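Scroll down for the structure; my scribbles are underneath it.
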């Protein structure tokens with residue numbers, strides 16, 4: 001998963017031509033196993049931009065080096081934010097999808113962005129409820 005973040009950052013940096021930071025990672029769904037002796041190839045591209053953020057699609061393909069058999073083993077969307085010299089978010093160029101697949105991903109991006117916004121609000125609620133001072137004790141069983 002760390003490699004997925006690295007590859008997404010490379011794609012976003014190439015698109016924006018400025019440094020980026022990771023804002024979120026959507027669910028990472030493992031679709032096929034990666035067996036010992038296989039390789040993994042990661043591909044990523046920016047599917048959509050807002051003002052300072054970029055949605056990046058990452059795909060990981062596993063290949064059996066002995067048979068050449070290849071499978072998509074996982075996919076994910078990451079949101080990267082471009083940052084200027086002052087360390088603050090800065091505007092990024094738009095995306096111009098060309099292939100049918102790129103257009104399809106671009107058309108669904110706004111809906112995914114709304115889902116991320118809702119998920120972020122839920123994460124903030126969890127962080128408030130179970131903050132840094134929450135007493136973590138595996139034997140503790142709080143009443144609901």
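Bear in mind that the values in this text are calculations on the coordinates, not laboratory data. Everything quoted here is computed from the prediction, not taken from an experiment. In this analysis, Cβ positions are derived from the backbone assuming ideal geometry, glycine residues included, and neighbour counts consider all displayed protein chains.
If the segment from residue 112 to residue 50 were pulled out straight at 0.36 nm per residue, it would be longer than the present Cα-Cα gap by 21.1 nm. A Förster distance of 30 Å, applied to the separation of the beta-carbon atoms of residue 64 and residue 6, puts the FRET efficiency at 0.80. Inter-label distance, residue 132 to residue 21: 1.6 nm, where each label sits 7 Å from its Cα along the C-beta direction.
Only Cα pairs within less than 10 Å get springs; with that Gaussian network setup on the chain, which residue of 102, 110, 36 has the largest fluctuation? In the Gaussian network model the winner is 36. For the chain, the percent of C-alpha pairs falling in each 5 Å distance bin, counted from 0 to the bin holding the largest distance, reads 2, 9, 15, 16, 16, 13, 11, 9, 6, 3, 1, 0.
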